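This report refers to the structure that appears directly beneath it.
Derivation of every value follows stated rules applied to the coordinates shown; laboratory data play no part. Only a predicted model underlies this, so the values are computations on that prediction, with no experimental measurement involved. Cβ: placed from backbone, ideal geometry, glycine included. Neighbour counts: every protein chain shown.
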Amino acid sequence: MSQAAALKRWPAAAAVGAAACLVLAPRARRRGGRFFATYLALLALLIHQVEEWLWPGGFQEWFNRFAIGSPRADFPLTDRQGFAVNVVGGWGSAAAALAFGGRLEALPALVGASHLANAGLHIGLAVRQRRANPGLRSAAALLLPTGSYLLARAGGRGGQRALGAIAGAATIPGLLLRFRRGAGSRRD
């Protein structure tokens with residue numbers, strides 16, 4: 001299988017992951033507290049990614065054309081960058097928050113705030129453009145409440161929670177800036 005083909009298959013893995021998370025949710029619920037809030041945030045993220053990229057899909061074209069203003073449907077957000085943002089960044093931060101969130105309290109705050117920023121992107125652009133976008137439904141129904149819930153349960157001593165929340169809130173504006181700059185170039 002080519003690298004390009006492999007990069008297009010991660011949304012199907014998100015669907016499988018979401019189904020597995022649903023099956024394992026009662027077990028995660030028994031752990032309770034911040035762990036369960038983080039688990040719900042991961043489930044919400046996976047469902048959101050399925051809506052954006054798989055069913056009904058269309059996020060890449062919408063993001064490039066309508067959020068960034070690119071004339072191309074496949075640039076500046078390429079398949080490779082979609083994989084990096086969603087799998088490496090999204091799944092990676094959620095997995096780190098699940099594994100280390102009890103000791104590194106900034107991680108759950110980062111995930112919660114990034115969910116809120118992501119929801120803000122979808123909802124804000126839907127209001128501004130007066131039309132739905134790929135991911136709007138799950139952003140409003142899942143990312144917004146789970147991000148708020150996780151941020152409220154994030155805890156944190158000193159500035160850890162604040163640092164995590166600031167970093168998470170900066171993810172979406174940072175990505176928008178990066179991709180808007182990339183829209184003027186032809187490099188990947």
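Here the 3J(HN,Hα) profile of segment 91-105, calculated from phi with Karplus coefficients 6.51, -1.76 and 1.60 at θ = phi - 60°, is 5, x, 5, 5, 5, 5, 5, 5, 6, 10, x, x, 9, 10, 5 Hz, Gly and Pro shown as x. Using only the alpha-carbon atoms, how far is helix 33-53 inclined from the longest principal axis of the chain? Give it as 0 to 90 degrees, nearest 10. The two axes meet at around 20 degrees.
Determine the gain in length on full extension of the stretch ARG137-LEU176; use 0.36 nm per residue of separation and subtract their C-alpha separation, reporting nm with one decimal.
Difference between extended and current length: 12.0 nm.
Considering only LEU7, GLY168, LEU40, and ranking their Cα positions along the charge dipole of the chain that arises from unit charges at the beta-carbon of Lys, Arg, Asp and Glu, the one farthest toward the positive end is GLY168. The ALA15 and VAL85 beta-carbon pair, evaluated with R₀ = 22 Å, returns a calculated FRET efficiency of approximately 0.80. Listed from fewest to most Cβ neighbours within 10 Å, the set ASP79, ASP74 follows the order ASP74, ASP79. Net length available on complete extension from ARG31 to MET1 is 6.9 nm, with 0.36 nm assigned per residue and the Cα-Cα distance removed. Sorted largest first, the principal axis extents computed over the alpha-carbon atoms of the chain equal 47, 36, 31 Å. Between VAL23 and ASP74, the C-beta separation translates, for a Förster distance of 30 Å, into a calculated FRET efficiency of about 0.30. Taking Cα atoms only, the orientation of helix 160-182 departs from the longest principal axis of the chain by about 10 degrees.
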